[in-house]
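Any read-out appearing in this document is the output of simple, stated calculations on the displayed coordinates, not a laboratory observation. Nothing here was measured: the structure is a model prediction, and the numbers come from that model. Neighbour counts run over all protein chains shown; Cβ positions are idealised from the backbone, glycine included.
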Amino acid sequence: MATIKDIANIAGVSPSTISRVLNHDETINVSNETRIKIFEAAEKLSYTKHIDKPKKSLENALNFCLIHWYNEYQEINDPFFISIRMGIEEECKNNNINLVKIYNDEQQNEKLSGCTFDGLIILGKFDKDRIDGFKQYSDNIVFVHSNNTKFEYDSVQADFRELTDDVIKYLLATGHKNIGFIGGREEIPGNHEKIVDYREVQFKNYMKRKGLYKPEYVQIGNFNYKDGYEMMKQLIEENRDSLPTAVFIASDSLAIGAIKAINEAGLVIPKDISIFGCNDIPTSQYTSPALSTVRIYTEFMGQTAIKLLLEQINGLRQHYIRVTIPHELVIRESVNSLL
């Protein structure tokens, strides 16, 4: 496993700075550029991912555009999307494809104005008007982690329903019945519509079917470290006399905040409460205790998006497809067995 020192050697900053940034220490004063460099270095040194051999260069390089639903600051706070982006960049590099990255900031429309590309990768969720507007920039489009539910485009996604089932089954199999959930609602840029997360829906449905659902054990906010901290703090305060024995947390960034709240409350993980995260961002290895989580092959998501675009360009299919990326449970120190 990569160490903090290994990351420091790549990023060119001290190990103490690496540790504080990865654990979202808000008192440290570093630039966003340095934060990005640290998270990207951690991602490169994390678990072994799907890697293809480099492709032969195309005679005429293609021009692709990655349209991001996050700005750079939001991406730093949710490294799930850093890994997807890096997969896209790597696959473009392997195929001699020029890639333009356009984040969701005030200049996004201005940067796109008058442009045309051989292919578009739309990362994240957008409203119908924005999606329709993207068509003017390319005839070849792939959506990654999108809200596109119909087969109108190629898309790549994780199965959040299935992975939620897998986490609950594991916790039940290890003796946990009083299980809580901390999750978030994603927001569509522009109209600010809140999207109910499949992990939240599936958790409620599964636990209700088992007769184990307790609404007092559920907290919903936004997908960031601060909300993870505040929601776990509230969950503990409201259930001090009857805490859940385990909590499934819908992202590792939320879980890192939750761990801080648990420690401040004088509780011990996993003795007093077990924590199970989701996404397996690099930071999850460096929490104390190390975070059990769901590994989603996010870099593979980005690589697959490029492959789908190339299939479209080369006319290899007549129909659009939806590709589901695999996941697996990674059991570390933050979960114990009650059996």
Counted charge near I179, where neighbours are those whose Cβ lies closer than 10 Å (Asp, Glu -1; Lys, Arg +1): +3
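Could the peptides 241-248, 331-338 be put in order, highest first, of the mean number of other beta-carbon atoms found within 10 Å of their residues?
Values: 241-248: 19.6, 331-338: 17.2.
Final packing ranking: 241-248, 331-338.
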By the C-alpha gyration tensor axes a ≥ b ≥ c (rounded if a/c is under 1.5, else prolate when a/b exceeds b/c, else oblate), the shape of region 160-296 is rounded
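Please compute the alpha carbon radius of gyration of the chain, then divide it by the globular-protein estimate 2.2 N^0.38 Å. Two decimals is fine.
Numbers: Rg = 20.4 Å, N = 339, 2.2 N^0.38 = 20.1 Å.
So the chain has a normalised radius of gyration of 1.01.
So, with +1 on the Cβ of K and R and -1 on the Cβ of D and E, and no other charges, what is the size of the charge dipole of region 101-197 about its Cα centre, to the nearest 20 debye? Kindly include the intermediate steps, with their values, before the conclusion.
On the way: 12 positive and 18 negative charges, 65 e Å.
Using Cβ point charges on Lys, Arg, Asp and Glu, region 101-197 gives about 320 debye.
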Under a Cβ-only charge scheme (Lys and Arg +1, Asp and Glu -1), can you give me the dipole magnitude of region 4-44 about the Cα centre, in debye to the nearest 20? 100
Just need log10 I(q)/I(0) for region 84-156 at q = 0.11 Å⁻¹, Debye formula, equal scatterers on the alpha-carbon atoms, no solvent, rounded to two decimals. -0.27
Can you pick out the pairs among K44/K260; K169/K208; K169/K210 whose Cα atoms lie more than 20 Å from each other? K44/K260
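To the nearest 20 Debye, how big is the dipole of the chain about its Cα centre, given +1 on the beta carbon of each Lys and Arg and -1 on that of each Asp and Glu?
Details: 39 positive and 47 negative charges, 172 e Å.
That gives the chain a dipole magnitude of about 820 debye.
May I ask you to derive the FRET efficiency for Q234 and R317 from their Cβ-Cβ distance with R0 = 35 Å, giving the value to the nearest 0.05? Numbers along the way, then the final one.
Values: r = 48 Å, r/R0 = 1.39.
Plugging the Cβ-Cβ distance into 1/(1 + (r/R0)^6) gives 0.10.
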Towards the positive end of the charge dipole of the chain, with charges on Cβ (+1 Lys, Arg; -1 Asp, Glu), say which of N104, F276, I220 has the farthest Cα. F276
Over all alpha-carbon pairs in region 4-44, figure out the percentage whose distance exceeds 17 Å. 13
Packing rank of 92-100, 157-165, where each peptide gets the mean count of other beta carbons within 10 Å, highest leading: 157-165, 92-100
